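J.: I'd like to ask you about the structure that follows.
The values are calculated or read from the model by the stated rules, or taken from the named source; none is laboratory data. Keep in mind that what you see is a predicted model, and the values were worked out from it rather than measured. Please note: Cβ atoms are built from the backbone with ideal geometry, for glycine as well, and neighbour counts cover all protein chains shown. Accessible surface areas use protein heavy atoms only, side chains included; no ligands, DNA or RNA. Shrake-Rupley method; radii C 1.70, N 1.55, O 1.52, S 1.80 Å.
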Amino acid sequence: MRSVLPYVWYPLFFALAIAMFAFMLDGSAPLLAALYLPIALVAVCIVVLELLDPERRDWRPVWRDVRADAAFMIVVQVVMPRVLCHWPCSAWPRSIMTHRRGHGHIIGRWRHRRS
């Protein structure tokens, strides 16, 4: 069982997070709570399991590494999606309208005049 557990717990936690998200939405929980609570739960479980049961004993992380991993998860899971979600909503419509007007569109430069 010990040899199978490292391969099972990671996908199992993600399935649990997806199921928890679906149940929270079905239970009319606020969307942000349904998004972030399962992610936070899985992140805490992963950090705890990595502290308690590393692959090799000499790989046991020090507290500084755990804090760096937690900060990375927060940035990737919380901050980046919030920042990046505004870029497509503001930049893409402007670029589409620019291309439709014919300014800077590559195909407009490739058209040949026919005589």
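J.: Go ahead and run the numbers for FRET between residue 58 and residue 85, Cβ-Cβ distance against an R0 of 41 Å, rounding to 0.05.
T.: 0.50
J.: Starting from the Cα of residue 41, step 7 Å along the direction of its Cβ; do the same at residue 66; then give the gap between the two resulting points in nm.
T.: So the label points at residue 41 and residue 66 sit 2.1 nm apart.
J.: Just to check I understand the Karplus step: with θ = phi - 60° and J = 6.51 cos²θ - 1.76 cosθ + 1.60, what whole-Hz values come out for the range 67-74, glycine and proline as x?
T.: 4, 5, 5, 5, 5, 4, 4, 5
J.: Per residue, what accessible area does the range 1-47 have, given a 1.4 Å probe and all protein chains present, in Å²? Don't skip to the answer; put the middle values down first.
T.: Details: 3320 Å² over 47 residues.
On a per-residue basis, 71 Å².
J.: Further question on the same structure: Largest first and to the nearest Å, give the Cα extent of the range 1-54 along each principal axis.
T.: 39, 18, 10
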